[in-house]
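*Asks:* Pasting a structure below so you can have a look.
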Amino acid sequence: MRKASPLAHRSRPHHVWARFRRHKMAYLGLWFLLLVTILTLLGPMIWTLDPTTLDIAAKHQGPSLRHPMGTDQLGRDLFAAMMIGGRTSLMVGFMAMFLSLVLGTCVGMIAAVFKPLDGPLMRLTDLFLALPMLPLLLVVIMLWRDSLRTAFGPESGVFILVVCVISITSWMQTARIVRGEVLALKEREFILAAISLGAGPRHLIWQHILPNVLSPIFVSATLGFASAILTESALSFLGLGFPSDFPTWGRLLFDGTNYMTLTPARVIWPGLALSLTVLSVNYIGDGLRDAMDPRADTQ
Amino acid sequence: MFNYTLRRLIFAVPVLVLISFVIFVLIDFAPNDPTGNLPLTIPAEVREKIRLGLGLDEPTHIRYLLWCKQFFINEPLNVFEQLTGWSVGDPDRLRLRSWSTHSPVVDLIAERLPQTLWVVGLSYILGICIAIPIGVMSAYRQFGWFDQIGTFIAMVGFSVPTFFTGVLMVVVFSVQLDWLPSIYDTTHEITGWSSFAFQIKQMIMPVCVLALYNAAQISRYMRASMVDNLSQDYVRTARAKGVGERRVVMVHVLRNALIPVVTVIAMGVPQVFGGAIITEQVFRVNGLGQLLISGIQSADIPLVQTLTFLFAVLIVLFNLIADLLYGLLDPRIRYA
């Protein structure tokens, strides 16, 4: 590596960050994701137009100063709906990614550390990988939606259902990666040293193993985030995710398809937001993988 | 090899039975009433009779075994009878019937399968045909301008969901330019050149959308595999003994690089069928995906159960095919 000398004295996070910045698209993606997050979180406070207010007189409008992205068939402002919808989309992606990461890491860690459980847990992972996910997601959501809605209210009911269902069906890759990494780590000398110094399994996992498998977990987190957002929007697009009055980008796109001859902007804005967000998350994952790869130093 | 195949096939049976049980229980334990979609004016006792008629009063394990009997014994026997014209046993054996249309589920699936196969199959083949040359060229000039563009397009290809590319294409080519039909007409029959041209026209968009998505994935694998192989010693040996560059890349490297890609392609087939659910919805192709969606919406449990299980069969089957292909193509791998 050419610039090794100024970096060599810095700590590892600094080091990774410096390398991450050199991946231009990943760096750009990070800024875009930050921008989208800020817009969806703080935007509705500045753009105070309520996305649920009906204004039939102003229906099917093109872009204007009052409605920068136009309005829908009931005269609701699309820009406001995009920001609120984006908040839900990102939230679903984040929560589902987090849950599936925790689940996957636990399964992978337990399988690798406790030998007797390795076989059963990996067979379980294989079974989950052989299940047809999209059909099952659709079936489960269809069958559970109404009862969860009555139990938790129309909005949080769907939210909980979608997040749980996505995370339960997407932990397998993380589990496999973590198991592989931990199995390789277990053979290393420093683990042997820790064991001979009398470290218990809990200390071993938290102090020695987990910090060393963090980088693959981070990378699979970004991929999980992107695919969770995509899955949620696909469900909403098929009419089985979020309802129209609590839309996400996928639902906005789905609702827009009925009017695409009249106002094509209604499908383009949500689709563009969705695609660019997923694209930047995927690039961030790419950049992280490159930046965290220890082999990059020795080249 | 034969023993290995046999062993894997035998091992696949309990896996599939387990999966079918998991799917059944998942659908069965859901807090949902299959008569819930019927009009509210139906009195409670009639509703109860409908439930009895659907066989819902039986306990779960009885209904699961009944489904197994219908799916694994009755339906294959039926297909066998239709193919050979022989009659085996009782001709009025119980068939797996859809709750909403009352026709046998297998007939419904057979009706929808050709549309899906055409669109999905063609798009997968097209995707492979695009992906392999792109992968080879990007790997050969790694980090060159072609590779940069290829990487970018592949990244866009698997980041942009097919329902957005599909809708976008409809907006551009159907709504704005009015070149292609936006709705896939499955009743269309090819009778002559003009109707053939129409068939091509209506297939362009769904096939392209899926092909782009597939090509994005496969070209990445192809590139990675080529890059791995190009730096191997046998490539240097081939060049050193004076083999032409074209032959080195197209014969020596490509053949070796294709081994992992072929297995990836085989394993991707079930996913493509799954992805077609969305594309079919965008272009209104009434294939298997559409059948599944309408079955889910009308709570048609036998249909949904059977279709979901068939998707699982596809996954297990193509995983097996991928493993066997790997053994066939790579002489270093020997299955004992």
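*Asks:* Using alpha carbons only, how many angstrom separate the centre of the range A:87-141 from the centre of the range B:105-182?
*Replies:* 29
*Asks:* Additional query: Over the Cα atoms of chain B, how large are the radius of gyration and the largest Cα-Cα distance (Dmax), in Å?
*Replies:* 24.5, 87
*Asks:* Can you give the angle from 0 to 90° between the axis of helix A:265-292 and the longest principal axis of chain A, with both taken from C-alpha atoms, to the nearest 10?
*Replies:* Value to nearest ten degrees: 10.
*Asks:* Here's something else I'd like to know. On a 0 to 90 degree scale, rounded to 10, what angle separates helix B:145-159 from the longest Cα axis of chain B?
*Replies:* Tilt relative to chain B: about 10 degrees.
*Asks:* Considering the dipole of the protein assembly as shown built from charges on the beta carbon (Lys and Arg +1, Asp and Glu -1) around the Cα centre, which of B:Trp67, B:Ile42, A:Pro51 is farthest to its positive end?
*Replies:* Ranked along the dipole, the leading option is A:Pro51.
*Asks:* Here is a further query. Per-residue Cβ counts within 10 Å, from other chains only, averaged over A:136-146: what number is that?
*Replies:* Numbers: counts 8, 0, 9, 14, 4, 1, 9, 12, 4, 2, 5.
Mean partner shielding for this stretch: 6.
*Asks:* Let me ask something else. Run the dipole for chain A about the Cα centre, Lys and Arg Cβ at +1, Asp and Glu Cβ at -1, nothing else charged, and hand back the magnitude in debye, nearest 20. The partial results should precede the final answer.
*Replies:* Details: 25 positive and 18 negative charges, 191 e Å.
Dipole of chain A, to the nearest 20 debye: 920 debye.
*Asks:* Partner chain Cβ atoms within 10 Å, averaged over the residues of B:9-18 - can you pull that number for me?
*Replies:* Taking all residues of B:9-18 together, the mean is 1.
*Asks:* Another question, if that's okay. Cα centroid distance between the range B:291-324 and the range A:169-188, in Å?
*Replies:* 29
*Asks:* Mind checking B:59-65 for the average number of partner chain beta-carbons within 10 Å of each residue's beta-carbon?
*Replies:* 0
*Asks:* Then there's this: Given 20 °C and 1.002 mPa s, compute D for the range A:34-109 with the Stokes-Einstein relation, Rh being the Kirkwood radius over Cα pairs; round to the nearest whole µm²/s.
*Replies:* Estimated diffusion coefficient is 152 µm²/s.
*Asks:* Show that you can apply the helix-only estimate: for the protein assembly as shown, add -39,500 (n - 2.57) for every DSSP H stretch of four or more residues, divide by all residues, and state [θ] at 222 nm to the nearest 500.
*Replies:* Taken over the protein assembly as shown, the calculation gives -24000 deg cm²/dmol.
*Asks:* Oh, and also: Specify the angular offset, from 0 to 90 degrees and rounded to the nearest 10, of the alpha carbon long axis of helix B:44-53 from the longest principal axis of the alpha carbons in chain B.
*Replies:* Long axis of B:44-53 versus the principal axis of chain B: about 60 degrees.
*Asks:* Would you please classify the overall shape of the range A:147-299 from the alpha carbon gyration tensor, given that a ≥ b ≥ c denote the square roots of the eigenvalues, rounded means a/c under 1.5, and beyond that prolate means a/b larger than b/c while oblate covers the rest?
*Replies:* Here the range A:147-299 falls in the oblate category.
*Asks:* Let me make sure I get this right: for the protein assembly as shown, a, b and c are the square roots of the gyration tensor eigenvalues over alpha carbons, sorted descending. Under 1.5 in a/c it's rounded, otherwise prolate if a/b > b/c, else oblate. Which is it? All intermediate terms of the calculation are to be shown ahead of the outcome.
*Replies:* On the way: a/c = 1.36, a/b = 1.17, b/c = 1.16.
Rounded is the answer for the protein assembly as shown, as its axis ratio a/c remains below 1.5.
*Asks:* Have a look at B:His188, B:Ile293, B:Val120 and report the one farthest towards the positive end of the charge dipole of chain B, computed about the Cα centre with Cβ charges (Lys/Arg +1, Asp/Glu -1).
*Replies:* The one lying farthest along the dipole's positive direction is B:Val120.
*Asks:* Pop out the Kirkwood hydrodynamic radius of the range A:163-239 from its pairwise C-alpha distances, inverse of mean 1/r, in Å to one decimal.
*Replies:* 14.4
*Asks:* Could you tell me the relative contact order of the range A:222-299? Use alpha-carbon pairs under 8 Å, at least six residues apart, and round to a whole percent.
*Replies:* Across the range A:222-299, relative contact order equals 29 percent.
*Asks:* Reachable aspartates and glutamates from A:Lys24, Cα under 19 Å, same-chain residues fewer than 8 places away excluded?
*Replies:* Once the sequence-local aspartates and glutamates are set aside, what remains near A:Lys24 is A:Asp286, A:Asp290, A:Asp293, A:Asp297, B:Asp147.
*Asks:* Would you mind checking which residues have amide H under 5 Å from B:Thr186's amide H? H placed 1.01 Å from N; only 5 or more apart, or other chain.
*Replies:* B:Asn286
*Asks:* Apply the a/c threshold of 1.5 to the C-alpha gyration tensor of chain A and tell me whether it is rounded, prolate or oblate.
*Replies:* Verdict is oblate for chain A.
*Asks:* Please give the solvent-accessible surface of B:Thr60 in Å², to the nearest 10, using a probe radius of 1.4 Å with every protein chain present.
*Replies:* 40
*Asks:* Determine, for each peptide in B:105-111, A:145-151, B:81-87, the mean count of other beta carbons within 10 angstrom over its residues, then list the peptides with the highest first.
*Replies:* Final packing ranking: B:105-111, A:145-151, B:81-87.
The values are calculated or read from the model by the stated rules, or taken from the named source; none is laboratory data. Note that the structure is predicted; figures quoted are calculated from it, not measured. Heads up, the Cβs are rebuilt from the backbone with ideal geometry, glycines too, and the neighbour counts pull from every protein chain shown. Remember, those area values only see protein heavy atoms, side chains included, never the ligands or the DNA or RNA. Shrake-Rupley method; radii C 1.70, N 1.55, O 1.52, S 1.80 Å.
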